[in-house]
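The values are calculated or read from the model by the stated rules, or taken from the named source; none is laboratory data. All values derive from a computational prediction rather than experimental measurement. Positions of Cβ are backbone-derived with ideal geometry, glycine not excepted, and every protein chain shown enters the neighbour counts.
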Ligand code: NA7
């Protein structure tokens, strides 16, 4: 850090080589990689502790829905081997402990300032630096501005008329209090049945007196098949890390056992049932990713999977009317697949009631509960499990301004087109990089691996810049247009655009939505190859300018030894 005098000669502004937003897993790895380059880095975290998603989402029943033996950083053998998960899917406290383990082992905690939100980041073109305003009232400057602020970190709380008059407790799954919440013996309403809602519903049902589930869209939920990890399988993974890395980096999802080349049309209906049943029993991502390759590209194949789940619902749920309300009708896999144990069984409990909001929308909150068009539901607590303003929400919340004072929102929404170069940077915002930003693999794939691939590439680019005296790196308009079109073309080959979801930004009423798909859907392997191609070709999606302001020719740039 260096400090500089302001014009009036009184205030001092700290300057860092890089400022990183967020101390979730992406921010922690970003901090580590940039420190490895010898940069002075400051990381700001709005929370009181690190861990990002795993810090904020403390609701009962939370578990990661990617298998933990793959949901771990693999960049260091020692770190991978030094940590042991207890279960196939880690619970929240273990995920948080893992984030803290990383920070301590990498000795990076001292570079993180907690309880501090980045409120603004303005690019100062003449000075070629970012001026960053913090919630503490401080301001700092940085050469590189790194947004590791998370795709799911700004909560979505729907507006319900009269909510302020509700006399009971109100929670959001992603803003769960640190102090214990005891809902034992209470009447609880849960709004939302995405991954978080489903987990909290299963966890609360045996504890509360009455549970009323307010469901907007019925979901496809396949079993996670949670279990304790067998020490032998853990040892096997740890002993064969190179193989694990290779399997992860060469798969589409980013974890072993998550792909298949088989088409649903190659099997008879009886064979297909056996394949779906085996995947149902295996759990994890198997049903969505390892049964048939065409589930999310062909509507007929898709219907086969959807039909299997609907038959399961009919078998499991005793009350036919409840089963009917739980039947999903959208195309399977076009919202993020949900993995949970015992969800449909929960509706056989006498204390659990399902309200289909499609049939009886919520009118308002009253002092004592929620009123729909059909009934009054008396509640002691309302739990919002209503998700996030995903992908762009947190980026838009910060006042990020690039060249000419243009904000990201103005560029992507008012300009109506979401465009990024490789999901990492955007034209008009020099020296700003996003870790797992929009149009990267984000949480469509194994997030920890996506972070590593993304951040290694960014670190490689910054290392080259520093070595070659390149002061400005800006995504080109052509580069980002090509990437955005690539993302869109890939999404159009699937069924994903046929359903409104948080992947498309549709979960939030009135959200101004950028056109073009918000994620890269080509998978981890293809994304990695795209990044490698770009680096090998001298970063053609970027303009790199030297001290004198002259563009550096890609060929000249690429010829510098790594
Ligand atoms: P999600 O997956 O966005 O789920 C949010 C849920 O809340 C979903 O069922 C929504 O229904 C529902 N929702 C959202 N707004 C409303 C309103 N206004 N009224 C009623 N219901 C509403 O968030 P999660 O936290 O569960 O999971 C996010 C990711 O985190 C997940 O994919 C995992 O990767 C981890 P909808 O389906 O939109 O009709």
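Would you mind telling me which numbered condition in (1) more than 18 Å from residue 226 (Cβ to Cβ); (2) at pLDDT below 95; (3) touching a helix residue (DSSP H, G or I) at 6+ places or on another chain (Cβ under 8 Å) residue 301 fails? Condition (2) is where residue 301 drops out.
Residue by residue, here is whether (1) in contact with a helix residue (DSSP H, G or I) (Cβ under 8 Å, 6 or more places away or on another chain); (2) assigned to a loop (DSSP other than H, G, I, E, B); (3) within 16 Å of the ligand (Cβ to nearest atom) holds:
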{"position": "96", "(1), (2), (3)": "yes, no, yes"}
{"position": "121", "(1), (2), (3)": "no, no, no"}
{"position": "133", "(1), (2), (3)": "no, no, no"}
{"position": "150", "(1), (2), (3)": "yes, yes, yes"}
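Condition first: without any contact (Cβ under 8 Å) to a residue 12 or more places away in the chain and either within 11 Å of the ligand (Cβ to nearest atom) or in contact with a strand residue (DSSP E or B) (Cβ under 8 Å, 6 or more places away or on another chain) (or both). Now tell me which residues in region 335-371 satisfy that. Passing the criteria: only 371.
Taking the criterion of being under 23 Å from residue 540 (Cα atoms) and without any contact (Cβ under 8 Å) to a residue 12 or more places away in the chain, the only residue of region 487-503 that qualifies is 489.
Within region 157-172, residues that are within 17 Å of residue 186 (Cβ to Cβ) reach partners that are more than 13 Å from the ligand (Cβ to nearest atom) and part of a strand (DSSP E or B) with beta carbons closer than 8 Å, at six or more positions or on different chains, in the pairs 166/366; 166/369; 168/369; 168/381; 169/381; 170/381; 171/381.
In region 318-365, how many are part of a strand (DSSP E or B) and farther than 19 Å from residue 195 by Cα?
Looking only at region 318-365, we keep the residues that are part of a strand (DSSP E or B), and these are 338-339, 352-356, 362-365.
Checking which are farther than 19 Å from residue 195 by Cα leaves us with 362-365.
Adding up the residues that qualify gives 4.
Only one of the numbered conditions (1) surrounded by fewer than 20 Cβ atoms within 10 Å (Cβ to Cβ); (2) modelled with pLDDT of 95 or more; (3) in a loop (DSSP other than H, G, I, E, B) is violated by residue 256, and that is (2). In this structure, is residue 443 closer than 18 Å to residue 73 by Cα, within 16 Å of the ligand (Cβ to nearest atom) and assigned to a helix (DSSP H, G or I)? Yes.
Total residues in region 47-65 satisfying the condition of being buried (at least 21 other Cβ atoms within 10 Å of the Cβ), in a loop (DSSP other than H, G, I, E, B) and touching a strand residue (DSSP E or B) at 6+ places or on another chain (Cβ under 9 Å): the figure is 4.
Only one entry in 411, 419 is closer than 27 Å to residue 125 by Cα and surrounded by fewer than 24 Cβ atoms within 10 Å (Cβ to Cβ), namely 411. If the condition is being closer than 30 Å to residue 139 by Cα and within 13 Å of the ligand (Cβ to nearest atom), then region 386-407 contributes 388, 389, 390, 391, 393.
Comparison of 233, 270 shows that the only residue that is more than 16 Å from the ligand (Cβ to nearest atom), free of Cβ contacts under 8 Å to residues at least 24 places away in the same chain and either in contact with a strand residue (DSSP E or B) (Cβ under 6 Å, 6 or more places away or on another chain) or assigned to a helix (DSSP H, G or I) (or both) is 270. With respect to the conditions (1) within 16 Å of the ligand (Cβ to nearest atom); (2) within 30 Å of residue 333 (Cα to Cα), residue 377 falls short on a single one, namely (2). Residue by residue through region 158-174, note down the ones that are touching a strand residue (DSSP E or B) at 6+ places or on another chain (Cβ under 6 Å), within 15 Å of the ligand (Cβ to nearest atom) and not in a loop (DSSP other than H, G, I, E, B). Within region 158-174, 163, 170, 171, 172, 174 qualify.
Every residue, every condition in (1) under 16 Å from the mean Cα position of the chain (by Cα); (2) assigned to a loop (DSSP other than H, G, I, E, B), yes or no:
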{"residue": "377", "(1), (2)": "no, no"}
{"residue": "400", "(1), (2)": "no, no"}
{"residue": "429", "(1), (2)": "no, yes"}
{"residue": "436", "(1), (2)": "yes, yes"}
{"residue": "439", "(1), (2)": "yes, yes"}
{"residue": "456", "(1), (2)": "no, no"}
{"residue": "459", "(1), (2)": "no, no"}
{"residue": "464", "(1), (2)": "no, no"}
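Confirm whether residue 444 is within 19 Å of residue 253 (Cα to Cα), modelled with pLDDT of 95 or more and surrounded by 22 or more Cβ atoms within 10 Å (Cβ to Cβ). The answer is no for residue 444.
Just one of 185, 189 is surrounded by fewer than 16 Cβ atoms within 10 Å (Cβ to Cβ) and closer than 29 Å to residue 215 by Cβ; which is it?
Working: 189 fails: surrounded by fewer than 16 Cβ atoms within 10 Å (Cβ to Cβ).
None of the other options fit; the residue is 185.
For the residues 45, 11, 67, the requirement of being over 24 Å from residue 171 (Cβ atoms) and modelled with pLDDT of 95 or more singles out 67. There is at least one residue in region 58-68 that is closer than 17 Å to residue 436 by Cβ and free of Cβ contacts under 8 Å to residues at least 40 places away in the same chain. Going through (1) within 16 Å of the ligand (Cβ to nearest atom); (2) at pLDDT 95 or above one by one, residue 138 falls short only on (1). Of the listed requirements (1) part of a helix (DSSP H, G or I); (2) within 19 Å of residue 52 (Cα to Cα), residue 482 misses just one: (2). Among the residues of region 198-211, the one identified as outside any loop (DSSP other than H, G, I, E, B) and more than 15 Å from residue 345 (Cα to Cα) is 210.
Taking the numbered list (1) touching a helix residue (DSSP H, G or I) at 6+ places or on another chain (Cβ under 7 Å); (2) within 16 Å of the ligand (Cβ to nearest atom); (3) not in a strand (DSSP E or B) in turn, residue 383 passes all entries but (3). Residue 188 - would you say it is over 27 Å from the mean Cα position of the chain (by Cα) and either modelled with pLDDT of 95 or more or part of a helix (DSSP H, G or I) (or both)? Spelling it out, residue 188 is indeed over 27 Å from the mean Cα position of the chain (by Cα) and either modelled with pLDDT of 95 or more or part of a helix (DSSP H, G or I) (or both). Put simply, of 350, 359, 321 the only residue that is in contact with a helix residue (DSSP H, G or I) (Cβ under 8 Å, 6 or more places away or on another chain) and surrounded by fewer than 19 Cβ atoms within 10 Å (Cβ to Cβ) is 359.
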